[in-house]
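Q: Take this structure, written in structure tokens, and hold onto it; I'll ask about it next.
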Amino acid sequence: MSIAATTTDRTAGESMVELHNVVKEFKVGGNTVRAVDDVSLDIRRGEIFAIIGYSGAGKSTLVRLINGLETVSEGTLTVDGFQISGQSESGLRKARTNIGMIFQQFNLMNSRTVAANVEFPLKIAGWDKAKRRARVQEMLEFVGLGDKAKNYPDQLSGGQKQRVGIARALATSPSLLLADESTSALDPETTSEVLELLKKVNEDLGITVVVITHEMDVVSTIADRVAVMEKGKVVEMGNVYDVFSNPQTAVAKRFVATTVKQAPTDHEAAELKQRHRGYLVNIEITEGNTGIGKVLSYLGNRGVQFNIVQGGLETLQGQSYGNLTLELLGEVTSVDAAIAELGTVTRVKEVR
Ligand SMILES: Nc1ncnc2c1ncn2[C@@H]1O[C@H](COP(=O)(O)OP(=O)(O)O)[C@@H](O)[C@H]1O
Ligand SMILES: [Mg+2]
């Protein structure tokens, strides 16, 4: 197929989106709202980058700055080497042809056919009719809707509507696709399908994808790197595994807790103590320090019996992380020795 974007020949690791100390303030009545507060980001060409945060964190504002729908109050912003901040309206219009966008509510024109929706940006860009037609069909086939060209959006499921949104967003071969809560209106199964399609967009077409979400599952399913936003600031950033196997901030910890059971709370600890007479410890499992089998073999080698009484494990980017609460049973000296040995390979916390 010839629909590959212009990005495939570019060097990996180069910047696609660069933000330096970007601030966005809104004046509301007599007050100033700082929606984006001193954000610096470097989104690389060819990656899938996620921005996660709760409602009001500033994610959508950040996206609107990236595609030039809002202007920065301070700082600089470039997309694909093109300066967005301080750009004229005509310059922005040109920049936007290189940026595709999909939305939570799909934003399709319901009075137009699926084909006409996908064709729309091509008309704006001045493509002639024959080229438009071929491109529309090519894009619909790419998203798996080759037979829906003559249907109307109302005749489609939510997942199919988002596929149309993706076909429309990519019609003019942008280098960058921005997806703002693009699966938030979909059920879990349809969400997986759309995320698979975004992966295909990234892998087959070489398009850089920025996924904005409040759902941890979305990040763990498709992203390479992630920025965690809170109150307008990026509070953590890095490889998805690194950030979520070892979250530093309360907000990142809350997201992790939505997918993997955390170390016992005080209430849970009290309850566990009542049910288990052994020594209770919680150990962290990360690929970096120790595999789970290795941890458990330490105990066996020390003649310590154990029960797993609580915990959770998840896999991210092919690596496991999580934590286990163990009840250790055996001679006090053996248990102490086992705990000391565990402490050399992972973080061990007494549960009390
Ligand atoms: N056009 C606007 N005028 C005033 N305040 C705004 C505007 N857009 C966003 N905000 C405020 O900026 C903050 C961040 O909003 P938003 O970027 O939509 O967050 P998110 O997408 O993470 O939910 C919120 O406090 C919101 O009320
Ligand atoms: Mg938003």
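Since every read-out is calculated from the coordinates, none of them should be taken as a lab result. Quick caveat: nothing in here was measured; it's all calculated off a predicted structure. Note that each Cβ is placed from the backbone with ideal geometry, even for glycine, and that neighbours are counted across all protein chains shown.
Q: Glu284: net charge of surrounding residues, Cβ under 12 Å, Lys/Arg +1, Asp/Glu -1, itself excluded? Write down the numbers at each step before the final one.
A: Numbers: positive: Arg347, Lys349; negative: Glu287.
Local net charge: +1.
Q: For Lys94, which lysines qualify as cross-link partners when the Cα separation must be under 23 Å and same-chain residues fewer than eight apart are set aside?
A: Partners within reach: Lys24, Lys123, Lys129, Lys131.
Q: A follow-up question, please. May I ask for the net charge around Gly232, where only other residues with Cβ less than 11 Å from the Cβ of Gly232 are counted and Lys, Arg are +1 while Asp, Glu are -1?
A: After counting each charged neighbour, the total is +1.
Q: For the chain, modelled as a GNM with alpha-carbon contacts under 10 angstrom, which of Glu230, Glu18, Glu70 fluctuates the most?
A: With Cα springs under 10 Å in the chain, the top fluctuation among Glu230, Glu18, Glu70 is at Glu70.
Q: Amide H of Ser15 versus every other amide H placed in the peptide plane: which residues, excluding those fewer than 5 positions away on the same chain, fall under 5 Å?
A: Arg45
Q: When the chain is modelled as a GNM with alpha-carbon springs shorter than 10 Å, which of Leu178, Leu299, Leu197 fluctuates the most?
A: The residue that fluctuates most here is Leu299.
Q: Where does each of Ser40, Ser220, Ser111, Ser334 land when they are ranked from fewest to most other beta-carbon atoms within 10 angstrom?
A: Details: Ser40 13, Ser220 21, Ser111 9, Ser334 16.
Ordered by Cβ neighbours within 10 Å, fewest first: Ser111, Ser40, Ser334, Ser220.
Q: What whole-number distance in Å separates the alpha-carbon centres of the range 317-352 and the range 38-112?
A: Computed from Cα coordinates, the inter-centre distance equals 46 Å.
Q: Moving to a separate point now. How large is the direction-averaged shadow of the alpha-carbon convex hull of the chain, in nm²?
A: Values: hull surface 88.5 nm².
The Cα convex hull of the chain, projected and averaged over all directions, gives 22.1 nm².
Q: Now, a different point. Taking a ≥ b ≥ c as the square roots of the eigenvalues of the Cα gyration tensor of the range 80-204, is the shape rounded (a/c under 1.5), prolate (a/b larger than b/c) or oblate?
A: Oblate is the answer for the range 80-204, as a/c is 1.5 or above yet b/c matches or exceeds a/b.
Q: Further question on the same structure: Straight-line reach only, C-alpha to C-alpha below 16 angstrom: list the aspartates and glutamates that Lys273 could link to, leaving out same-chain residues fewer than 8 apart.
A: Leaving aside aspartates and glutamates fewer than 8 places away in the same chain, those within reach of Lys273 are Glu327, Glu350.
Q: Please label the shape of the range 266-350 as rounded, prolate or oblate, based on the square roots a ≥ b ≥ c of the eigenvalues of the alpha-carbon gyration tensor (a/c under 1.5 means rounded; beyond that, a/b larger than b/c means prolate, else oblate). Can you show the working numbers first?
A: Details: a/c = 2.18, a/b = 1.23, b/c = 1.77.
It is oblate, given that a/c is not under 1.5 and a/b is not larger than b/c.
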